[in-house]
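A.B. asks: Have a look at this one before I ask anything.
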Amino acid sequence: MAAGAPPLLSGRVSRDLRQRVEALPAQEQYIRGLQMFAEFFSPPNGTKNLWDLVSVIRGEEEGLNPQVYSKGIMHMKHLTSYKASEAQELEVVRMSKFGAGVGAQSREDRLRQAALIHVKLGNLQRYCELMVEVGEWEKALAVAPGVSMEYWRSLARRWAKQQVLEDKREAAPFCIAVGDVQAVVDFYTSRGELQDAMLVAQAAQEGTIKFGQATEVTNAAYNGVAEESEDSWPLLHKASRRLADWYFQDGQPMKAACCHLAVEDYKLAMSKLIRGNELELAISLGTTIGKTPRLTYLATELLAQRCTRINRWDLAVEMLQRLPNSEAALARFCISCSGGAAEINDLHTKAGFPDMEECYIKAQALQEEEGQETEAVKYYLLSTCPEQGLELGLKVAKERMLTAGWTVQDVAELVQYMGCTRTDKLDSPKCTSLRTELLTISAYVGALLAVRRGYSAIVPALFQQTSMFVDKENSNWPFSKDQLEEELTAWKAEQVLSNERELKNDSSETSEVGLREGYQKALQRLLRKAGEEELDIEPGADHCTGSHLPSHSDVHVSFLSKTRIQGPAFFLEDGKTAISLNEALMWAKVNPFSPLGTTSRINPF
């Protein structure tokens, strides 16, 4: 392969992959090709499961392998039917006199397993009959009223004694018998059996488990599915979200996305993939589903940043040009391009912007027009004199931050443009003052965005960096060091209270009074400035694939959290200081500059 040429796949596997794609019908090559390449490049954990779910959503179920598909995360319309089939397979042992053979489960164990599946599907009478067959009468009697009182009486007559066992595992059948679906979902969730919680919620949504009353089940329809119940939709989505969050926090974003796809929650599936840094897979999924354009846009913009890390500016521009309304993103990438004038002008041409000289002339004209400050800053930064764009942009940003009731959204676009300024320009002696002001405002805006997006791991470091710059440079800042400390202290106090509420599942009146008296005003001011998130992505910390695996034998301590790094580490520009990859991803999404306080960019994508 020649130097500078596009990378090419080689080898037997890549040749087979190409032949498989070319053998497909023309109308299937694009979608099926995306699937094949995703399975080729992505880690094996969850990729096959994700594309199986996509096939189900697209109505292409004939290619599913039931043995493989049923072991993963299934689509909601298959949960009950597959589990019912599994229960029937287990019951086949009833026809055998000698069981399933050496090493297999005993007849009683297989019938018990079938009974548990039936009860999760709401087939209580079948559960009772199987429990009777294995001699566990007390369990059958306890659940029998969920079928009918008459049926309970018939079982009572067959078994003279009544007894209620105290085995905690038997709480689920009792709850289902009385129709308390919320309780049984919470029961399985508290035990960490989140897939079972999702299964019960789906059975309730399909109507086989009734809310608030014992379930009536007849012999003729013990595997039947009743009319769907709208009341259980929130319960089903809540159960799937809990399971997805568990996978995500365990460093398995693809499995988390599968949980959301199983209930056709496309936005949260895309959100998990983006927050897990599975950008290629997110774009492939968004393109295939076609129902999450804003999240597909976000994933494409982040992947374009990965292209700039390997100096593929032309590829980044090509990717962004495929998106609608991508002028602002293209401008940011052109502003950050480092190279000679001819190279930058060529990139401007590809992105649809004038050359650097014409950008300067256009910026001067826009500066004279009222209300065009942001556009003027953009074109100054694209021109041969980005220093003028920094000067104008910082002046406008500070003026807006001095107005009453300002929010981070009032200055975010300006700060994003200025944050893309080339490092060599920022490091020039004539930009010393402008550089410090830009780093300071970028850190503070980043802190507000981190508060808004729930990036609690990096909020203190961003506030501390802002305070450091405020101390370093005597300037007319729109915020004081005391104000920064007050807001950070109030935010920390609220985090402590939130953790206490989560642990106790209720709020303490004394703690609430303390927050109101000491920090409520500062917290309200901070949250007002942070505003509400405009992206469709869910709040919370990022967790990339493998981020909770054991750390390498070469131990690294995070510069931000001062704790040992688990999973992959990200090294900063000095080559020695490290932070976790999760921290690096969150930092780069709110502040383009290094956590070390230099003008170096951080790009972990």
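The values are calculated or read from the model by the stated rules, or taken from the named source; none is laboratory data. Bear in mind that the values here come from a model prediction, so they are computed numbers and not experimental data. Ideal geometry is used to build each Cβ from the backbone, glycine not excepted, and the neighbour counts take in all protein chains shown. Ligands, DNA and RNA are stripped out before the accessible areas are found, and what is left, the full protein with its side chains, is counted by its heavy atoms. Shrake-Rupley method; radii C 1.70, N 1.55, O 1.52, S 1.80 Å.
A.B. asks: With a 1.4 Å probe and every protein chain left in place, work out the accessible area per residue of the range 531-573 in Å², rounded to a whole number. Working shown, then result.
C.D. replies: Working: 2560 Å² over 43 residues.
Heavy-atom accessible area per residue stands at 60 Å².
A.B. asks: For the range 257-361, run through the trypsin sites (Lys or Arg not before Pro) and keep only the ones in DSSP coil with at most 16 other Cβ atoms within 10 Å of their Cβ. List each step's numbers first, then the result.
C.D. replies: On the way: sites: Lys267, Lys272, Arg275, Lys291, Arg294, Arg306, Arg309, Arg312, Arg322, Arg332, Lys350; in loops: Lys291, Arg312, Arg322.
Listed in order of number, the matching sites are Lys291, Arg312, Arg322.
A.B. asks: What's the carbon and sulfur percent of the range 265-404's accessible surface, probe 1.4 angstrom, rounded to a whole number?
C.D. replies: On the way: 2950 of 6080 Å².
Result for the range 265-404: 49 percent of the exposed heavy-atom area is carbon or sulfur.
A.B. asks: Considering Cα pairs under 8 angstrom that are at least six residues apart, work out the relative contact order of the range 325-452 and quote it in whole percent.
C.D. replies: Values: 137 pairs, mean separation 27.4, N = 128.
Relative contact order, the range 325-452: 21 percent.
A.B. asks: Follow-up question, since we're still on this one. Would you mind calculating the gained length between Val13 and Asp410 on full extension (0.36 nm times residue separation, minus the Cα-Cα distance), in nm to one decimal? Numbers along the way, then the final one.
C.D. replies: Values: separation 397, 0.36 × 397 = 142.92 nm, distance 5.14 nm.
Contour length minus the Cα-Cα distance gives 137.8 nm.
A.B. asks: Let me ask you something else. By average Cβ neighbour count within 10 Å, what is the ranking of 436-445, 486-495, 109-118 from highest down?
C.D. replies: Values: 436-445: 23.6, 486-495: 18.6, 109-118: 21.5.
Descending packing order for the listed peptides: 436-445, 109-118, 486-495.
A.B. asks: Which ³J(HN,Hα) values in Hz, rounded to whole numbers, follow from the phi angles of the range 313-324 under the Karplus curve 6.51 cos²θ - 1.76 cosθ + 1.60, where θ = phi - 60° and Gly and Pro get x?
C.D. replies: Working through the residues one at a time gives 5, 5, 5, 4, 5, 4, 5, 5, 5, 6, 8, x Hz.
A.B. asks: Next up: Could you please report the charge total around Cys337, scoring K, R as +1 and D, E as -1 over all other residues with beta-carbon less than 9 angstrom from its beta-carbon? List each step's numbers first, then the result.
C.D. replies: Working: positive: Arg422; negative: Glu343.
With Lys, Arg at +1 and Asp, Glu at -1, the net is 0.
A.B. asks: Residues of the range 449-471 with backbone nitrogen within less than 11 Å of a virtual label 7 Å along the Cα-to-Cβ line of Lys576, please, listed as ranges.
C.D. replies: So the set is empty, nothing qualifies.
A.B. asks: Do the alpha carbons of any pairs in Lys425/Lys529; Lys398/Lys529; Lys255/Lys291; Lys362/Lys425 sit beyond 25 Å of each other, and which pairs?
C.D. replies: Details: Lys425/Lys529 30 Å; Lys398/Lys529 14 Å; Lys255/Lys291 20 Å; Lys362/Lys425 21 Å.
Exceeds cut-off: Lys425/Lys529.
A.B. asks: Calculated FRET efficiency, Glu327 and Glu193, Cβ-Cβ r, R0 35 Å, to nearest 0.05?
C.D. replies: Working: r = 50 Å, r/R0 = 1.42.
My answer for the efficiency is 0.10.
A.B. asks: Sorting check: for 200-206, 578-584, 249-255, which peptide has the highest mean count of neighbouring beta carbons within 10 Å, and how do the rest follow? If you can, show how the numbers build up before the last one.
C.D. replies: Working: 200-206: 27.1, 578-584: 25.4, 249-255: 21.1.
Answer by packing, highest mean first, reads 200-206, 578-584, 249-255.
A.B. asks: Please say if the range 312-429 is rounded, prolate or oblate, where rounded means a/c under 1.5 for a ≥ b ≥ c the square roots of the C-alpha gyration tensor eigenvalues, and otherwise the choice is prolate for a/b larger than b/c and oblate otherwise?
C.D. replies: On the way: a/c = 1.73, a/b = 1.47, b/c = 1.18.
Since a/c reaches 1.5 and a/b is larger than b/c, the shape of the range 312-429 is classed as prolate.
A.B. asks: With every protein chain left in place, what is the accessible area per residue of the range 252-342 in square angstrom, probe 1.4 Å?
C.D. replies: Values: 3200 Å² over 91 residues.
That works out to 35 Å² per residue.
A.B. asks: Tell me which trypsin sites (Lys or Arg not before Pro) from the range 6-81 have a DSSP coil assignment and no more than 13 other beta carbons within 10 Å of their own.
C.D. replies: Numbers: sites: Arg12, Arg15, Arg18, Arg20, Arg32, Lys48, Arg58, Lys71, Lys77; in loops: Arg58, Lys71.
Passing sites in the range 6-81 are Arg58, Lys71.
A.B. asks: Sticking with this structure for a sec: Identify the trypsin sites (Lys or Arg not before Pro) of the range 516-605 meeting these criteria: DSSP loop state and at most 14 other C-beta atoms within 10 Å of the C-beta. Before the final figure, lay out the partial values.
C.D. replies: On the way: sites: Arg516, Lys521, Arg525, Arg528, Lys529, Lys562, Arg564, Lys576, Lys589, Arg601; in loops: Lys562, Lys576.
Answer in residue order: Lys562, Lys576.
A.B. asks: In addition: Residues in the range 354-378 near a label at Lys395, defined as backbone nitrogen under 15 Å from the 7 Å Cα→Cβ point?
C.D. replies: Label zone hits: 363-378.
A.B. asks: Separation between the Leu402 and Gln27 pseudo-spin-labels, each 7 Å from Cα along Cα→Cβ, expressed in nm?
C.D. replies: Between Leu402 and Gln27, the simple spin-label model gives 6.4 nm.
A.B. asks: How large is Rg over Rh for the range 438-481, taking Rg from the Cα atoms and Rh as the Kirkwood inverse mean of 1/r across Cα pairs?
C.D. replies: Numbers: Rg = 10.3 Å, Rh = 10.5 Å.
Here the Rg-to-Rh quotient is 0.98.
A.B. asks: Shape call for the range 250-312 from the C-alpha gyration tensor, a ≥ b ≥ c root eigenvalues: rounded (a/c under 1.5), prolate (a/b greater than b/c) or oblate? List each step's numbers first, then the result.
C.D. replies: Details: a/c = 2.89, a/b = 1.57, b/c = 1.84.
Cα axes put the range 250-312 in the oblate bin.
A.B. asks: Still on this model: How large a share of the accessible area of the range 521-576, in percent, is made up of carbon and sulfur atoms when the probe is 1.4 Å and the other protein chains stay in place? Walk me through the numbers on the way to the answer.
C.D. replies: Numbers: 1940 of 3390 Å².
That share works out to 57 percent.
A.B. asks: Then there is this: What is the distance in Å between the Cα centres of the range 570-587 and the range 287-322?
C.D. replies: For the range 570-587 versus the range 287-322, the Cα centre distance is 23 Å.
A.B. asks: Further question on the same structure: By its C-alpha gyration tensor, with a ≥ b ≥ c as the square roots of the eigenvalues, how is the range 368-523 shaped: rounded for a/c under 1.5, else prolate for a/b larger than b/c, else oblate?
C.D. replies: On the way: a/c = 2.54, a/b = 2.30, b/c = 1.11.
It is prolate, given that a/c is not under 1.5 and a/b is the larger ratio.
A.B. asks: Could you name the lysines whose alpha carbon sits less than 26 Å from that of Lys139, not counting residues in the same chain fewer than 8 places away?
C.D. replies: Lys83, Lys97, Lys120, Lys161, Lys168, Lys210
A.B. asks: Same structure, new question: Three principal axis extents, largest first, for the C-alpha atoms of the range 243-377, in Å?
C.D. replies: Taking the Cα atoms of the range 243-377, the three principal extents are 55, 35, 25 Å.
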